[in-house]
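Take a look at the structure below.
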Amino acid sequence: MNDINALSFEDAYKALQETVEQLESGELPLNEAMTLYERGKALAARCQQLLTAAELRVQQLNET
Amino acid sequence: MNTFRVKELNAYVRDLLESDGVLQDVWVTGEISNFKRANSGYLYFSLKDAEAQLRCAAFRRLSNGEQLRDGLQVQARGRVSLYEVRGEYQLYVEEVQLLNSAGDLYVQLEALKQRLAAEGLFDEARKRPLPPFPRRIGVVTSPTAAAFQDVQNVLKRRYPLVELVLSPTLVQGADAPPRIVRALERLYERDDLDALLLCRGGGSSEDLWCFNDERIVRTLARSPFPTVSAVGHEIDFTLVDFVADVRAPTPSAGAELLTPNGAELLTDVRYLDSALDESIAALFSRKHDALARSMRSLARLSPMRSLQDQRQRVDDLQERATRLLYGRIKQAQERVAAQRKALEAANPFNLLSRGYAIVTRTHDNAPVTSRKDAPVGTAVKIRLRGDTLAARIEEESTNERYKRTLL
């Protein structure tokens, strides 16, 4: 799950969409489904955290 | 208080305007925009400056009418009145003077535009799509201008995940073009940007003129990142708008075009989050149902079940046997009772109770059934119900006559 907290929003969001699709797509063995579910929950939390906690950063270059 | 019909009120306001001495002959300075030449030969346009606009109509043939076009700085003379049909007040133009040599500039601009277009710099095929989730956006503008503040405000609200890299520059005046070119080039040296925004707030066409500079246009054309131009307002067009991958009407709109809507994303993420819960719950429920079905099948196949069946049959049979047996016993009892009754009916001693008697010889207990069994003098016993009498035959009598009759 540590890798999830290093994901960019775009990557986490795409991974979340894929996870939901996989989970909804069919009859997975229960243990696989549980693994996917836990990963999806962590991805959703990562996305929400990024969206709600972000503060706009501004970097100003020197005018040479 | 008066109540007017619309037409009446417009007529009243028109009279008011036309009765004002100042308004009947004024000079107004501004830039021509929304210029239209009607088939009737009449000219319609707006005069604008940085703050405001004024509707104008020229019904009189103007000496320089052929030269007029959007973007020209002019001084117009006319009278102010109201066009009642629309309720719009406007300047009825009598005369127009061109200011400076802007006309020449426009001719040059048009020539430059044609040349760059011919080179293919404005081709649709060159346009690149903007990244859907930019992480870092380069911004070329003045750090003190309202435009940059607008951009930051939009992004703070909309998609604060992004980082801005501001490359500051002058955005107005003769010195601006080389400064803007350098500001762009400073960003081109980086490899961590996803897009680039070149922006400036509203102003007169002279203020925005530097964005028509060939050096800027060519520099923007070779940007390694997708570009958005956002110079002035909706109605302002400069050459950077043609060369940028996307043209935004204002800096705020540029910031919106460059970023996804964070609020929508948050809604979508929450939806996906609950979709996870729902699909795992549905999966559990399906597994549970399947388990229950298996349990039922198993129960049907179990030997316990047939054992139970057998036991029940034994119980049934036992009960039936018991019922049958009791039936038989009862039948037998009834039969015995009936036979006893019949026997009793046949018992000769029962006749005695109805007055009959049994006569036997005393010496050998032989029954006396005819006259010959007991000649006169024979001792007999007469058995009555309960008692026995001892007697002796004294006389014989026959029913000879009767007998004969019978014979």
Approximate spin-label separation residue B:97-residue B:84, in nm, with each point projected 7 Å along Cα-to-Cβ: 3.5 nm
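With all protein chains present, how much of the accessible area of segment A:9-63 (probe radius 1.4 Å) comes from carbon and sulfur, to the nearest whole percent?
Values: 1370 of 3130 Å².
Carbon with sulfur: 44 percent of the solvent-accessible area.
Do any trypsin sites (Lys or Arg not before Pro) in segment B:1-46 lie in a DSSP loop with no more than 14 other beta carbon atoms within 10 Å, and if so, which?
Working: sites: B:5, B:7, B:14, B:36, B:37; in loops: B:5.
The qualifying sites are B:5.
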Percentage relative contact order, segment A:9-63, counting C-alpha pairs under 8 Å, at least six apart: 48 percent
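Rounded to the nearest 20 debye, what is the charge dipole size of segment B:91-153 about its Cα centre when +1 sits on each Lys and Arg Cβ and -1 on each Asp and Glu Cβ?
700 debye
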In nm, give the distance between the simple-model label positions of residue B:284 and residue B:358, each being 7 Å from the Cα along the Cα-to-Cβ direction. 10.0 nm
Please report the buried accessible area for the interface of B with A, total over both chains, probe 1.4 Å, in Å² to the nearest 100. 3600 Å²
Suppose accessible area is computed on protein heavy atoms with a 1.4 Å probe; arrange B:326, B:12 from highest to lowest. B:326, B:12
Would you mind giving the mean number of other chain beta-carbons within 10 Å of the Cβ of each residue in B:155-161, as a whole number? 4
Need the C-alpha centroid separation for segment B:149-219 versus segment B:11-44, integer Å. 38 Å
Contour minus Cα-Cα distance for residue B:23 and residue B:335 (0.36 nm per residue): 98.1 nm
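With a/c under 1.5 counting as rounded, go ahead and sort segment A:9-63 into rounded, prolate or oblate using the C-alpha gyration tensor (a ≥ b ≥ c being the square roots of the eigenvalues; past the cut-off, prolate if a/b is larger than b/c, else oblate).
Working: a/c = 4.76, a/b = 3.32, b/c = 1.44.
The shape class here is prolate.
Could you compute the net charge surrounding residue B:177? Neighbours are other residues with a C-beta less than 9 Å from the C-beta of residue B:177; K and R count +1, D and E count -1. Before the final figure, lay out each step's value.
Values: positive: B:179, B:215; negative: B:175, B:213, B:214.
Combined, the nearby Lys, Arg, Asp and Glu give -1.
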Of the residues B:67, B:34, B:92, the Cα lying farthest along the dipole of chain B towards its positive end, which is defined by charges on the beta carbon of Lys, Arg, Asp and Glu, belongs to B:34
Part-to-part distance (alpha-carbon centres) for segment B:257-305 and segment A:16-64, which is given in Å: 20 Å
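Sorting B:159, B:356, B:44, B:92 by accessible area (1.4 Å probe), largest first, what list results?
Values: B:159 5, B:356 130, B:44 70, B:92 30 Å².
In descending accessible area the options line up as B:356, B:44, B:92, B:159.
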In whole angstrom, largest first, the equivalent ellipsoid semi-axes that the Cα gyration tensor gives for chain B are 143, 36, 17
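Using a Förster distance of 45 angstrom, determine the FRET efficiency expected from the C-beta separation of residue B:384 and residue B:328, and round it to 0.05. Display every interim value, and only then the final one.
On the way: r = 43 Å, r/R0 = 0.96.
Calculated value: 0.55.
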So for B:19, B:302, what's the accessible-area order with a 1.4 Å probe, most first? B:19, B:302
By its C-alpha gyration tensor, with a ≥ b ≥ c as the square roots of the eigenvalues, how is the protein assembly as shown shaped: rounded for a/c under 1.5, else prolate for a/b larger than b/c, else oblate? prolate
Across chain B, how many lysine pairs, 8 or more apart or on two chains, come within less than 26 Å at their alpha-carbon atoms? 7
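Taking the Cα centre of segment B:233-334 as the origin, how large is its charge dipole in debye, to the nearest 20, when only Lys and Arg (+1) and Asp and Glu (-1) carry charge on their Cβ atoms? Write down the numbers at each step before the final one.
Numbers: 14 positive and 16 negative charges, 422 e Å.
Here the size comes out at about 2020 debye.
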Residue B:42 accessible area, assembled protein chains, probe 1.4 Å, Å²: 90 Å²
From other protein chains only, count the Cβ atoms within 10 Å of every residue's Cβ in B:132-144, then give the mean. 2
Projected onto the charge dipole of segment A:9-63 (unit charges on the beta-carbon of Lys, Arg, Asp and Glu, signs +1, +1, -1, -1), the Cα from A:60, A:45, A:34 with the largest positive-side position is that of A:60
Inter-probe distance in nm under a simple model that places probes 7 Å from Cα toward Cβ, at residue B:49 and residue B:396: 18.7 nm
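The values are calculated or read from the model by the stated rules, or taken from the named source; none is laboratory data. These numbers were taken from a predicted model, which means no experiment stands behind them. Here Cβ is always computed from backbone atoms with ideal geometry, including for glycine, and neighbour counts include all displayed protein chains. Note: areas computed on protein heavy atoms with side chains; ligands, DNA, RNA excluded. Shrake-Rupley method; radii C 1.70, N 1.55, O 1.52, S 1.80 Å.
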